[in-house]
Amino acid sequence: VQLQASGGGLVQPGGSLRLSCAASGYIFRIDNMGWYRQAPGKERELVATITKRGFTNYAATVRGQFTISRDSAKNTLYLQMNSLKPEDTAVYYCNAVDSRYVTYWGKGTQVTVSS
């Protein structure tokens, strides 16, 4: 499984971005997918996850602000981020776990929230 994240960039506080993560390879094995982020000097942290059946889970810090979704027909994972704050600045990584519990990571995409 290969994951390719895109959609990051520079945005002003209060703005929005939508991240995408295209999956390829043995995608039929993928169960859960998710987004994680890592800010400078901090550990990587969970942002949101979504199961194959569409059940979602969010970190408390982003609940109500971010929305995770997946389009199985396009093999793509999304993260809609609204009302962005400077503390949302981080490298965002997409993640997939397959039916054998093997975890895959994509290369990150930088999100910078600054005026």
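The residues of the stretch 1-26 that are open to solvent by less than 60 Å² (accessible area, probe 1.4 Å), of a type in the set (A, V, I, L, M) and assigned to a strand (DSSP E or B), listed by number, are LEU3, ALA5, VAL11, LEU17, LEU19, ALA22, ALA23.
When the residues of the stretch 27-42 are filtered to those that are out of contact with any Lys or Arg (no Cβ under 8 Å at 6 or more places or on another chain) and not in a strand (DSSP E or B), which remaining residue is farthest from LYS74 (Cα to Cα)?
Going residue by residue through the stretch 27-42, those that are out of contact with any Lys or Arg (no Cβ under 8 Å at 6 or more places or on another chain) are 27-28, 34-35, 39-42.
With not in a strand (DSSP E or B) added as a condition, the list becomes 27-28, 39-42.
Details: ILE27: 11, PHE28: 12, ALA39: 29, PRO40: 32, GLY41: 35, LYS42: 33 Å.
Applying the filter and picking the extreme gives GLY41.
Listed conditions (1) of a type in the set (Lys, Arg); (2) under 17 Å from the mean Cα position of the chain (by Cα); (3) surrounded by fewer than 18 Cβ atoms within 10 Å (Cβ to Cβ) are all met by ARG29, apart from (2).
If you check THR61, THR67, which single one turns out to be in a loop (DSSP other than H, G, I, E, B) and β-branched (Val, Ile, Thr)? I'd like the intermediate steps shown before the answer.
Numbers: THR67 fails: in a loop (DSSP other than H, G, I, E, B).
None of the other options fit; the residue is THR61.
If you take the residues in the stretch 69-105 that are among the hydrophobic types (A, V, I, L, M, F, W, C), surrounded by fewer than 21 Cβ atoms within 10 Å (Cβ to Cβ) and within 12 Å of the chain's Cα centre (by Cα), which one is modelled with the highest pLDDT?
If we filter the stretch 69-105 for residues that are among the hydrophobic types (A, V, I, L, M, F, W, C), which is where we start, we get 73, 77, 79, 81, 84, 90-91, 94, 96-97, 102, 105.
Next cut, surrounded by fewer than 21 Cβ atoms within 10 Å (Cβ to Cβ) only: 73, 91, 97, 102, 105.
Filter again for within 12 Å of the chain's Cα centre (by Cα), leaving 91, 105.
Numbers: VAL91: 98, TRP105: 95.
Ranking the qualifying residues of the stretch 69-105, first place goes to VAL91.
The values are calculated or read from the model by the stated rules, or taken from the named source; none is laboratory data. Predicted, not measured: the structure shown is a model, and the values here were computed from it. No Cβ is skipped: glycine too gets one built from the backbone with ideal geometry, and neighbour counts run over all protein chains shown. Areas reflect the complete protein model, heavy atoms only, side chains present, ligands, DNA and RNA absent. Shrake-Rupley method; radii C 1.70, N 1.55, O 1.52, S 1.80 Å.
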